[in-house]
Amino acid sequence: MKMTKNYILRDVGGRCVAVPVGGECQQFSGFIKLNETAKLIWKSIEAGCTEEETIASLTAQYDVTPEHARDAYRNTVEQLLSLGAVEQ
């Protein structure tokens with residue numbers, strides 16, 4: 001799993017957002033607000049972390065079970081895949 005070059009993260013007014021760049025601007029106008037969990041997952045993928053490493057980070061950062069963290073990871077990745085922000 002790796003990030004594409006279609007979106008970049010920015011801090012806008014204290015909120016983390018993914019902003020389309022390049023040709024993606026023509027396909028998607030606007031930006032995507034990321035909550036803290038999605039931001040952690042995004043940054044983990046950028047850093048080259050595996051699913052298991054990211055789940056460990058989520059359980060360490062938040063008081064959640066590994067199952068809950070895995071669901072959050074997979075749901076977020078599914079959404080990022082549909083947007084073209086990540087690729088397999």
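Read-outs throughout are calculated quantities, based only on the coordinates presented, and are distinct from any laboratory measurement. Fair warning: this is a prediction, and the values are worked out from it, not measured in the lab. Every residue, glycine among them, receives a Cβ derived from its backbone with ideal geometry; neighbour counts consider all protein chains shown.
Checked against (1) within 15 Å of Gly84 (Cβ to Cβ); (2) free of Cβ contacts under 8 Å to residues at least 24 places away in the same chain; (3) of a type in the set (S, T, N, Q), Thr4 passes all but a single condition, namely (2). Scanning region 56-88 for residues that are surrounded by fewer than 15 Cβ atoms within 10 Å (Cβ to Cβ) and of a type in the set (Lys, Arg) yields a single hit, Arg74.
Output the residues belonging to region 49-78 that are within 25 Å of Val12 (Cα to Cα) and in contact (Cβ under 8 Å) with a residue 40 or more places away in the chain.
Of the residues in region 49-78, the ones within 25 Å of Val12 (Cα to Cα) are 54, 57-58, 61-62, 72-73, 75-78.
The answer is Val77, and nothing else.
For the chain, the helices (runs of 4 or more DSSP H) that sit wholly inside it and include 1 or more residues that are of a type in the set (Lys, Arg) are 36-46, 66-83. Among the residues of region 55-88, those that are of a type in the set (D, E, K, R), more than 11 Å from the chain's Cα centre (by Cα) and closer than 15 Å to Leu40 by Cβ comprise Asp63, Arg70, Asp71.
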